[in-house]
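Just so it is clear, none of the values below were taken in a lab; they were calculated from the coordinates. Nothing here was measured: the structure is a model prediction, and the numbers come from that model. No Cβ is skipped: glycine too gets one built from the backbone with ideal geometry, and neighbour counts run over all protein chains shown.
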Amino acid sequence: MQYTQYCDNYDVLSDRASELLITLIQNKPDATICLATGGTPLLTYRYFVEKINQRKIDHEQVVFVKLDEWVGIPLNSPATCESFLQQHIVQPLGLRAEQLVGFQSENVNEQECERVTEIIASRGGLDLCLLGIGKNGHLGLNEPAESLEPFCHISVLDEETRHHDMLKTAANRVTHGITLGLKDILNAKEILLLIAGEGKHDAVENYLAATVTTTIPASFLWLHRNVSCLIDGSQYPDK
């Protein structure tokens, strides 16, 4: 079942999304939450941190999981998903190191996939996975293809993804990523999908058509039983 809400603007979307995260933590203080990175969830995380701190909500037992990571650049590079989450989640919330589970970005192999997968399993799976949709319809770094990987894997990036805004500061060209697979994502108890940002009209239109296809990996979310989809109606108005 998918609940879709068209929000008046990006600010309203972000506020609503942050409240959903807060509610989860209040209901389950030891929640395991998978987080996407990039421009779409940025304001959500800002509001989330502000509310956690202002309301003094206990988050000592929460564990956050990185959805994906770029491969081939140092983990401390400003371009990595690690740096993004450190800046916008870990440091402002004062999290302990073990409260962020993430992929390494250099010399990665299948053992790295197994390591992260085992940690998620040891916590009983993901309680919520917060996602965005890429300009090419990708989900995490599950790129459009004739066939898709179900589990955590090292992916070859689509040419469009190689020019992602996050990679503008990378010292070298990034061609691969490591990501949770579609089955890993669909195993989450709840999905929170945020649709915002420029240049995604084709991907969004194809997603909302509700036709499951490997050319739009995000379309596989229609197979999930519990998806909350928040859309920036100022950019993608309800038809």
*asked:* Taking C-beta distances below 4.7 angstrom as the pairing criterion, name the unpartnered cysteines of the chain, in sequence order.
replied: CYS7, CYS81, CYS229
_When 1/r is averaged over all different Cα pairs and the result inverted, which Kirkwood radius in Å belongs to the chain?_
17.8 Å
*What is the magnitude of the charge dipole of region 28-74 about its Cα centre, with +1 placed on the Cβ of each Lys and Arg, -1 on the Cβ of each Asp and Glu, and no other charges, expressed in debye to the nearest 20?*
220 debye
*Ascending count of other beta-carbon atoms within 10 Å, so fewest first, for TYR3, TYR207, TYR10*: TYR3, TYR10, TYR207
*asked:* Order these by the 10 Å Cβ neighbour count, fewest first: ILE52, ILE216.
replied: ILE52, ILE216
*Once Lys and Arg get +1 and Asp and Glu get -1 on their Cβ, which of ASN76, VAL227, SER105 lies farthest toward the positive end of the dipole of the chain?*
VAL227
_Charge sum, other residues only, whose C-beta stays under 11 Å from GLU149's C-beta, Lys/Arg counted +1 and Asp/Glu -1_ = -1
_About the Cα centre, charge dipole magnitude for region 2-232 (Lys/Arg +1, Asp/Glu -1 at Cβ), debye_ = 480 debye
*Which parts of region 89-106 would a label at HIS176 reach, counting a residue when its backbone N lies under 19 Å from a point 7 Å out along Cα-to-Cβ?*
102-106
*Please go through the residue pairs LYS56/LYS200; LYS56/LYS183; LYS51/LYS183; LYS66/LYS168; LYS28/LYS66; LYS66/LYS135 and name each one whose alpha carbons sit more than 30 Å apart in this structure.*
LYS56/LYS200; LYS56/LYS183; LYS51/LYS183
*Fewest first, what order do LYS200, LYS189 take by the number of other Cβ atoms within 10 Å?*
LYS189, LYS200
*About the Cα centre of region 123-166, what is the dipole size in debye to 20, counting +1 per Lys and Arg Cβ and -1 per Asp and Glu Cβ, all else neutral?*
200 debye
